[in-house]
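The values are calculated or read from the model by the stated rules, or taken from the named source; none is laboratory data. Note that the structure is predicted; figures quoted are calculated from it, not measured. Methodologically, a virtual Cβ is constructed for each residue, glycine included, from the backbone with ideal geometry; neighbour enumeration extends over all protein chains shown. Side chains are part of the model used for accessible areas, which takes the heavy atoms of the whole protein and leaves out ligands, DNA and RNA. Shrake-Rupley method; radii C 1.70, N 1.55, O 1.52, S 1.80 Å.
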Amino acid sequence: MSYITGPDVVKYACSCGLLKPISHLYFCRYCFQLRCSFCVCHEVDSNFCGKCSENIPSSEARVKKNRCGNCYVCPSCQQELSTRIASKGPVNPEDSKSTPKKMYYLSCQFCRWSSRDVGIPDQSTVTGGWPERENVHSNRLQELVDMYKAIVLAQKQQKDKDKKKQRGKFLSYTDRTGVTAAALRKRIGLPAEFTHPILKNKPKEPEPASAKTEVDEVPEQLLTEPINLMEITTVEQRLLQPEAQPVTVDKLFPVHKQLSIKRSLRCRHCEHNVSKPEYNPSSVKFKIQLFAYYHIPEIRIVTVEPLRAGKQCELIVKFTNPTQHQTTIAFLKLNMDEEDASLDSEVAEVIQDLDQTLSLQEKQQMSLTSLPLSTSQPSSLISVPSRQPSLTIEPRKISQEVNCDIEVPTSSFILPPRDDAAEYDDSGDTHNIQDDPKLVKWRKSNKAFIKLNVTPMSDLALNSEVVCGFIMQHIYTNTVASKEPQKYNHKVKVFLRLGQLVGSE
Amino acid sequence: MSRNNIKILPGALVCEESKLRGDITIGSGTIVHPSATIIAEAGPIIIGECCLIEEQVKIIHRLPFDQQNKENTTPVLIIGSHNVFEVDCTVESPKIGNNNVFESKCYVGNKVTVSNGCIIGAGCRVTEEQILKENIIIFGSKCQMREGLDRPGLQTLQMETLSKMIPNYHHIKKPNKKV
Ligand SMILES: [Zn+2]
Ligand SMILES: [Zn+2]
Ligand SMILES: [Zn+2]
Ligand SMILES: [Zn+2]
Ligand SMILES: [Zn+2]
């Protein structure tokens, strides 16, 4: 699909202020907000191995350092290694009945590296029991880890102690009598200097690493003998085994395959999931997938006339309604300087039996009246179902420059619901929709081709990229909150990259 | 070099549809698939025994520009035995030894001499003038090179199946040479 959505010419502004193509956005059905990978919580659901498709509990994954115990990758090219069978002659050559013994070795299908290359003996079982190499620094690393763990513990104990002390501060004996702590300590025969408990139960420090000033001489053969690059490992090969960092290829050993994760995404505002994969590692399906692509009308550029500075030109865009509900789309002017936190969060319910021909002006007035969310608001305009935000994120300012004016159409248009069967319907059913012929050029099932007039700014340089923007207001039908579907006006800022400015001719 | 002079030894399996141009000798046990192309442009091509030449393979005997004007000798492209040319590879090598594998969609230029037991990985382009030593393996998008422990295994099983299957579905060129 990337060849369709790949060139990011149409971008939607996420509620966090980042611009993304619609295929990268999520839509929280509880907040009525766009969310993107930047402004949702990423949670690891499960760890699994991509080769053997086995789920591995997170505690086990931690112990195994997020690697699969049974699968290996090639130390030479990082592809997965496969187990191959080699039959060895009968164990007892005199006994004709003894069957040839099967032996197993690891081999890479891609670069043809095999465990025999580095002299790892063939194993007699499929799963191997391949020799694990001991990290030469493991003792030292354990020492350091232990020390830091002890420091953390000491600090925590100190904090708890400090808290206790603070609580009893005003009842302290020394405070009432005016005797200082130091004086008191002296009187009862303790050293006046108070040693900090952290320093007191300081864990035993391991031997510090010593800096060396003397280094080995440069081996002369480096200068005299030609280097055989095939014996030397590449940087990638060395970094694949950071604990060993082999310099020559004969020290490459199979590496346990790193685990993959299944990840669910959670709206930070209302803590609902916007994406949750199925648990089974071999399944690529989702339990929850609130992709914006399924809820927000998709906009695509169809054609644009040559863009000339200061000259009006025609832009045709296609709107597609992905939902099962009819929607009405209106355009609002995009004001980049406006502090418009209210714009995105303000969602007014549209009356169910709202006349489809209701003009935009009237609608705008309605939403304007709802802006100061007072108790005296009309009963038909309710605010978003309030949920205590767990985390409020200040949206950042949109960084996109807009250098092209757009003549905002005053009329709105209707998009019928998506109907999969309509693909095969050639009757050309137009749903008898009364369209503004200046706005809607053509329509078919849930799609409409809309004409917009755009004027690149007159001071633009040749070949500069022309970007225009507008606010799309569409009616979103919510079927989650209650049994009765509720309709909301949802607004999205949309930016279109129209192409480069051409000369005046 | 307009006249075709194709010599097929007994036991070779050469499909009628394959494009053979120039002076070409095909050894016994060798299988040439229907859409393979072998062009002996600069001089004769001699293909050894039990080579597997798959679909869309192009083997072209073409001299580099700087050697084209030497008229005193006609160079002969000798391809050894048990070489595997996988689907859609292009090989213009001036000399090829035994037991080499040219993986799918690889390209070997006409300045590259291939010795024995080499593997040119899928999609790798080798054009720089060089002699590939024995058991060299070229792989990956960066044409990384390593030395293999052993020659690649023979494709005996695959060749046996093919020699049974292909005559059922394709017209075969009759061997025209006695050993
Ligand atoms: Zn975002
Ligand atoms: Zn595994
Ligand atoms: Zn490999
Ligand atoms: Zn939410
Ligand atoms: Zn919410």
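Conditions (1) away from every other protein chain (no Cβ under 14 Å); (2) surrounded by 13 or more Cβ atoms within 10 Å (Cβ to Cβ), marked per residue:
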| position | (1), (2) |
| --- | --- |
| B:C106 | no, yes |
| B:K111 | yes, yes |
| B:Q130 | no, yes |
| B:F139 | no, yes |
| B:M145 | no, yes |
| B:Y169 | yes, no |
Checklist line | Qualifying positions in the stretch A:128-153 - open to solvent by less than 90 Å² (accessible area, probe 1.4 Å) and outside any helix (DSSP H, G or I) | finding: A:G128, A:G129, A:W130, A:P131, A:N135
Notebook entry, point to check: Does A:T248 meet the test of being away from ligand 3 (no atom under 16 Å from the Cβ), farther than 30 Å from A:V480 by Cβ, surrounded by fewer than 20 Cβ atoms within 10 Å (Cβ to Cβ) and not assigned by TED's automatic domain parsing to the domain that holds A:A448?
Noted result: yes
Check: Would you pick out the residues in the stretch B:157-172 that are in a helix (DSSP H, G or I) and touching a residue at least 12 places away in the same chain (Cβ under 8 Å)?
Finding: B:Q158, B:M159, B:L162, B:S163, B:I166, B:P167
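Rundown of residues vs (1) within 14 Å of another protein chain (Cβ to nearest Cβ); (2) within 16 Å of ligand 1 (Cβ to nearest atom); (3) modelled with pLDDT of 90 or more; (4) surrounded by fewer than 21 Cβ atoms within 10 Å (Cβ to Cβ), yes/no style:
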position	(1), (2), (3), (4)
A:C16	no, yes, no, yes
A:I22	no, yes, yes, no
A:D45	no, no, yes, yes
A:K51	no, no, yes, yes
A:R67	no, no, yes, yes
A:S76	yes, no, yes, no
Check: Do we find a residue being open to solvent by 30 Å² or more (accessible area, probe 1.4 Å), in contact with a Leu (Cβ under 8 Å, 6 or more places away or on another chain), within 14 Å of chain B (Cβ to nearest Cβ) and at pLDDT 85 or above anywhere in the stretch A:83-95?
Finding: yes
Check: Can you pull out the residues in the stretch B:116-128 that are under 23 Å from A:S76 (Cα atoms), of a type outside the set (D, E, K, R) and away from every other protein chain (no Cβ under 14 Å)?
Finding: B:N116, B:V126
Margin query: Need the failing condition index for A:C36 against (1) free of Cβ contacts under 8 Å to residues at least 24 places away in the same chain; (2) away from ligand 2 (no atom under 16 Å from the Cβ); (3) open to solvent by 70 Å² or more (accessible area, probe 1.4 Å), just the number.
Written below: (3)
Check: Which of the residues that make up the stretch B:114-128 are under 21 Å from B:H61 (Cβ atoms) and surrounded by fewer than 17 Cβ atoms within 10 Å (Cβ to Cβ)?
Finding: B:R125, B:T127, B:E128
Next item on the list: Give the number of residues within the stretch B:147-157 that are within 7 Å of chain A (Cβ to nearest Cβ) and either hydroxyl-bearing (S, T, Y) or open to solvent by 60 Å² or more (accessible area, probe 1.4 Å) (or both).
Entry: 2
Margin query: Please count how many residues of the stretch A:107-118 are more than 10 Å from every other protein chain (Cβ to nearest Cβ) and surrounded by fewer than 22 Cβ atoms within 10 Å (Cβ to Cβ).
Written below: 2
